[in-house]
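Chemist: Sharing a structure below in structure tokens format, with a few things to ask.
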Amino acid sequence: MKAPLSSLNLTCPVLAAPMAGGPTTPALVAAAARAGSLGFLAGGYKTPATLEQQIVAVRAQTGTFGVNLFVPNPVPVDPAEFRRYAAAVQDEAGQYGLRLDEADPVEDDDAWPEKVDLLLRDPVPAVSFTFGVPDRSVIAALKRAGTLILQTVTSLDEARLAAEAGADVLAVQALGAGGHSGTLTPQRAPADVPLPVLAAAVQDGTGLPVVAAGGLSTPAEVAAVLHGAAEAVMVGTALLRSDESGASAVHQAAVADPGRGPTVLTRAFTGRPARALPNAFTRKYGEMAPLGYPAIHHLTSGLRRASAAAGNPELVNLWAGTGYRNAGTGPAGTILAQLASAV
Ligand SMILES: Cc1cc2nc3c(=O)[nH]c(=O)nc-3n(C[C@H](O)[C@H](O)[C@H](O)COP(=O)(O)O)c2cc1C
């Protein structure tokens with residue numbers, strides 16, 4: 001691997017993507033490091049205190065890891081649209097004793113300043129950002145602290161912005177990726193460009209090293225991207241059923257369910273486009289959901305939690321990339337090594 005990724009002394013070019021909402025655990029990040037790879041703790045949605053505890057837990061096992069943060073890039077919800085959607089979603093909420101139709105929109109910043117402070121006070125080897133590009137002063141301060149900066153981008157235009165802001169490495173995410181799209185403009189559907197083509201365009205256009213992600217699920221797919229423009233790849237969905245995954249039981253079972261159809265891009269759960277397995281919620285609310293992040297995320301989060309706890313996958317955000325059918329079980333380190341085996 002060429003500089004700057006080489007500074008981490010990785011031997012496995014298949015990295016473990018951050019997965020907020022439970023799937024990424026300190027054990028998963030440590031397992032990636034033991035396999036010579038790099039994993040990222042998912043800082044999104046967590047309190048700064050919980051993130052700090054997870055950093056301590058990983059550090060007890062390895063010094064090689066990253067932290068991922070959601071950068072505030074709010075898409076304020078239209079209040080009337082919010083009320084209409086909250087009233088519609090109440091159809092599902094009653095069975096769990098929830099009143100969503102009375103909810104007010106919550107527009108927060110996911111404790112962004114506090115999380116940045118934490119990473120400046122107690123620097124970690126790598127930090128990756130998604131949803132927005134931080135102010136260049138934040139990136140510069142983290143770099144001065146010795147941290148490698150990765151920025152998720154979904155197009156060449158976004159890659160240029162990230163390069164101007166000072167990112168060291170671009171995490172190029174294709175549309176097949178599981179979970180939220182990192183797009184800077186969730187108002188527009190991201191273009192569907194094949195990952196090797198997008199990675200090459202970003203590398204050519206910026207000269208920065210590229211870590212490519214989105215829909216990768218076989219050794220051959222990984223090798224094809226690594227033989228092109230990418231220094232490394234990153235997988236999320238491929239690790240959802242791993243031994244160290246913290247994905248809920250309903251999520252893991254749905255990923256293994258041969259009866260699920262192709263993944264869908266939906267804003268039904270969070271008001272921001274994300275790729276998920278189809279279920280009753282995406283079918284009923286996919287067309288109706290307004291744009292609005294994080295307000296729609298906060299509106300539905302209690303319902304999703306209640307549904308998962310009750311063992312019902314139909315109201316849960318079953319994030320998954322297009323290659324989910326190949327996601328197997330076993331130690332995460334073995335899965336990463338296997339995906340790298342054709343390189
Ligand atoms: C369950 C799940 C949660 C995710 N959470 C995050 C996150 O917190 N931050 C982030 O930058 N990307 C997140 N992603 C996207 C990944 O970083 C990565 O782009 C994606 O997993 C790659 O595509 P794949 O899932 O097809 O391998 C998530 C993906 C999944 C499947």
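Chemist: When the range 187-196 is examined, which residues are found to be in a helix (DSSP H, G or I) and surrounded by fewer than 24 Cβ atoms within 10 Å (Cβ to Cβ)?
Modeler: If the condition is that a residue be in a helix (DSSP H, G or I) and surrounded by fewer than 24 Cβ atoms within 10 Å (Cβ to Cβ), then P196 is the only one that fits.
Chemist: Among the residues of the range 261-282, write down those that are out of contact with any strand residue (DSSP E or B) (no Cβ under 9 Å at 6 or more places or on another chain) and within 21 Å of E92 (Cα to Cα).
Modeler: Listed by number, the residues that qualify are N279, A280.
Chemist: Could we say that L184 is within 15 Å of the ligand (Cβ to nearest atom), under 15 Å from A162 (Cβ atoms), part of a loop (DSSP other than H, G, I, E, B) and at pLDDT 95 or above here?
Modeler: Taking the combined requirement at face value, the residue satisfies it.
Chemist: If you check P273, P290, P278, which single one turns out to be without any contact (Cβ under 8 Å) to a residue 24 or more places away in the chain, touching a Lys or Arg at 6+ places or on another chain (Cβ under 9 Å), not assigned by TED's automatic domain parsing to the domain that holds T24 and not polar (S, T, N, Q)?
Modeler: Going through P273, P290, P278 in turn, just one is without any contact (Cβ under 8 Å) to a residue 24 or more places away in the chain, touching a Lys or Arg at 6+ places or on another chain (Cβ under 9 Å), not assigned by TED's automatic domain parsing to the domain that holds T24 and not polar (S, T, N, Q): P278.
Chemist: OK, next. Specify which of the listed residues (A254, A189) is at pLDDT 95 or above and not assigned by TED's automatic domain parsing to the domain that holds L315.
Modeler: A254
Chemist: While we're looking at this one, here's another question. Against the conditions (1) among the small types (G, A, S); (2) within 16 Å of the ligand (Cβ to nearest atom); (3) farther than 27 Å from R160 by Cα, where does A80 fall short? Just the number, please.
Modeler: So A80 meets the others, but not (2).
Chemist: Can you tell me which residue within the range 58-75, out of those that are over 19 Å from I139 (Cα atoms) and assigned to a loop (DSSP other than H, G, I, E, B), is nearest to the chain's Cα centre (by Cα)?
Modeler: P74
Chemist: Residues in the range 98-113: is at least one away from the ligand (no atom under 15 Å from the Cβ) and in a helix (DSSP H, G or I)?
Modeler: yes
Chemist: In addition: In the range 314-328, what residues are within 16 Å of the ligand (Cβ to nearest atom) and surrounded by fewer than 21 Cβ atoms within 10 Å (Cβ to Cβ)?
Modeler: Matches in the range 314-328: T322, G323, R325, N326, G328.
Chemist: Something else: How many of the residues in the range 103-121 are at positive phi and either in contact with a Gly (Cβ under 8 Å, 6 or more places away or on another chain) or surrounded by fewer than 14 Cβ atoms within 10 Å (Cβ to Cβ) (or both)?
Modeler: Residues flagged as at positive phi and either in contact with a Gly (Cβ under 8 Å, 6 or more places away or on another chain) or surrounded by fewer than 14 Cβ atoms within 10 Å (Cβ to Cβ) (or both) within the range 103-121 amount to 1.
Chemist: Filter the range 204-225 for residues that are buried (at least 21 other Cβ atoms within 10 Å of the Cβ) and either in a helix (DSSP H, G or I) or outside the structural domain of F70 (by TED's automatic domain parsing) (or both) and give the result.
Modeler: Across the range 204-225, the qualifying residues are V222, V225.
Chemist: Name, by its number, the condition in (1) part of a strand (DSSP E or B); (2) in contact (Cβ under 8 Å) with a residue 60 or more places away in the chain that does not hold for I55.
Modeler: Status for I55: all satisfied but (1).
Chemist: Quick check on my filter: what residues within the range 11-31 are closer than 20 Å to T152 by Cα, outside any loop (DSSP other than H, G, I, E, B) and among the small types (G, A, S)?
Modeler: A16
Chemist: Got a sec? Which of A337, A295 is out of contact with any helix residue (DSSP H, G or I) (no Cβ under 8 Å at 6 or more places or on another chain) and in contact (Cβ under 8 Å) with a residue 12 or more places away in the chain?
Modeler: Just one listed residue meets the conditions, A337.
Chemist: Just checking, how many residues over the range 265-280 are under 21 Å from R305 (Cβ atoms) and within 14 Å of the ligand (Cβ to nearest atom)?
Modeler: The qualifying residues number 8.
Chemist: Out of the residues in the range 52-74 meeting the condition of being surrounded by 17 or more Cβ atoms within 10 Å (Cβ to Cβ) and under 28 Å from A253 (Cβ atoms), tell me which one is farthest from the ligand (Cβ to nearest atom).
Modeler: V58
Chemist: Which ones in the range 290-313 are crowded, with 24+ Cβ neighbours inside 10 Å, in a loop (DSSP other than H, G, I, E, B) and more than 16 Å from the ligand (Cβ to nearest atom)?
Modeler: G292
Chemist: Looking at the range 225-250, which of its residues are more than 11 Å from A327 (Cβ to Cβ) and near the ligand (Cβ under 9 Å from one of its atoms)?
Modeler: Matches in the range 225-250: V233, M234.
Chemist: Take A200 and decide whether it is over 17 Å from the mean Cα position of the chain (by Cα), assigned by TED's automatic domain parsing to the domain that holds S37, assigned to a helix (DSSP H, G or I) and under 30 Å from I139 (Cα atoms).
Modeler: When the stated conditions are applied, A200 passes them.
The values are calculated or read from the model by the stated rules, or taken from the named source; none is laboratory data. Values in this document were obtained by computation on a predicted structure and should not be read as measured data. Virtual Cβ from ideal backbone geometry, glycine too; neighbours counted across all protein chains shown.
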